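Report on one structure; see the data block that follows.
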Amino acid sequence: MAPSSENILVCFSDFNLRFEKVILNHQSKIQGKFGLLSYSGGIDSSVLLRLLENIGSQYFSLLFVQYFQHNLRGLESIREEEFVKEQCQRAGIPLFVTSLELSQDGNLQKNARNLRYAFLKKRLQDLSLETGRPGLILTAHHRDDVYENFLITVSQGRLDQRLLPLKIWDENRNLYRPMLHFSREEILEFAQTNGVLWVEDSSNSSQKYLRNSIRHSGIIQGLKPDIDSIFDLQAQFLGADQKLHTALLSYCENRDGGISIPRGMLLGLHEDLVCDFFRYLVKQVFGLEFEIISLKGLLPIVQKVLIWKLSPNSGYAKFSIARGNNKKLVLQLTQEWIHIENIVNSPE
């Protein structure tokens, strides 16, 4: 049954007020920045487009939309792109369309996601240079995505820091998820009540993807309270990790254009904790321009930090742990110290 006009007004106002409250809570981080919406034409990003159209211009200095053409669904993909163009033209928001060439090797969805974020990062940099302003990537992730990510991670046996829920604010990637506290049901209700148009991606119904199997199984509804309890427990552990990082950082010394920490401070810690600390150290000391190497590459270095006994003849060992534009961070390991320095104009 179609809702009455009175119900429409109440639903519309409540959803908008909650969304605007989220924006207001982060106004100091948003002020003066432009927003770059990653838009697929689906229901989630179409609702976010409508919300930004309604109130986004009050908080973001400029708004842009990025659409990725995956070229995987033939005529459906073409119609989807046309729909996206129509919606952005109606909203009066500039649109960028990027056609992706996807590798069929490995996990197709993961490959596509990594490629999208790489392009979004580059688009953000280009727009920052063009407008002279900093920007944020906006995505339409919602609460159910958090539950799905958790169940996927558990089902794949990855019981590590990847179990942590998505964050509404990801400073490492200049990424903002303003709908993260809304459920899929609330988003659907808003779309239906307010005449939001969207397109359905037929691949979302394919059971060959684990995410779709979890989404359509109904298992999330029964597990939400348990998953929320796990998230609360994780938050406590995360707080403990932050205290450990702060304590270790207090022992660091500025030396020779870099930073040094006594090796003995890390001995006895679990290798996962040391990996997390190095990631924290790179971000806090050297800034977000550096991208630390993968966990797979970092772990052997950390193991050497914890157990390696240097030969008297060598005296030290060096490892590259992060890279930026024409720069890299080098970790130098001695018997007593770990020294990290920024090497400029390093060849790739």
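A short reminder: the numbers here are calculations on the coordinates, not readings from a lab. All figures in this text were calculated on a predicted structure; none of them were measured in a lab. Neighbour counts run over all protein chains shown; Cβ positions are idealised from the backbone, glycine included.
With both labels modelled 7 Å from their Cα along Cα-to-Cβ, the Gln109 to Tyr251 distance reads 4.2 nm. Modelled label positions at Asn325 and Glu76, each set 7 Å beyond Cα in the direction of Cβ, lie 4.0 nm from each other. Here the residues Leu100, Leu115, Leu17, ranked from fewest to most Cβ neighbours within 10 Å of their Cβ, fall in the order Leu17, Leu100, Leu115.
For Met265, Met179, the sequence from fewest to most other C-beta atoms within 10 Å is Met265, Met179.
Under the combined filter of DSSP loop state and at most 13 neighbouring Cβ atoms within 10 Å, segment 69-115 retains these GluC sites (Glu not before Pro): Glu101. Based on alpha carbons, the Rg and Dmax found for segment 247-344 are 12.6, 36 Å.
Most exposed first by the Cβ proxy, i.e. fewest other Cβ within 10 Å, how do His141, His270, His26, His245 rank?
Details: His141 22, His270 10, His26 15, His245 18.
In increasing order of surrounding Cβ atoms, one gets His270, His26, His245, His141.
Here Leu197 and Lys243 are evaluated by their C-beta separation; at R0 = 56 Å the FRET efficiency comes out at 0.70.
Using R₀ = 25 Å, calculate the FRET efficiency as 1/(1 + (r/R₀)^6) where r is the Cβ-Cβ separation of Asn25 and Gln89; round to 0.05. Before the final figure, lay out each step's value.
Values: r = 31 Å, r/R0 = 1.26.
So, using R0 = 25 Å, E works out to roughly 0.20.
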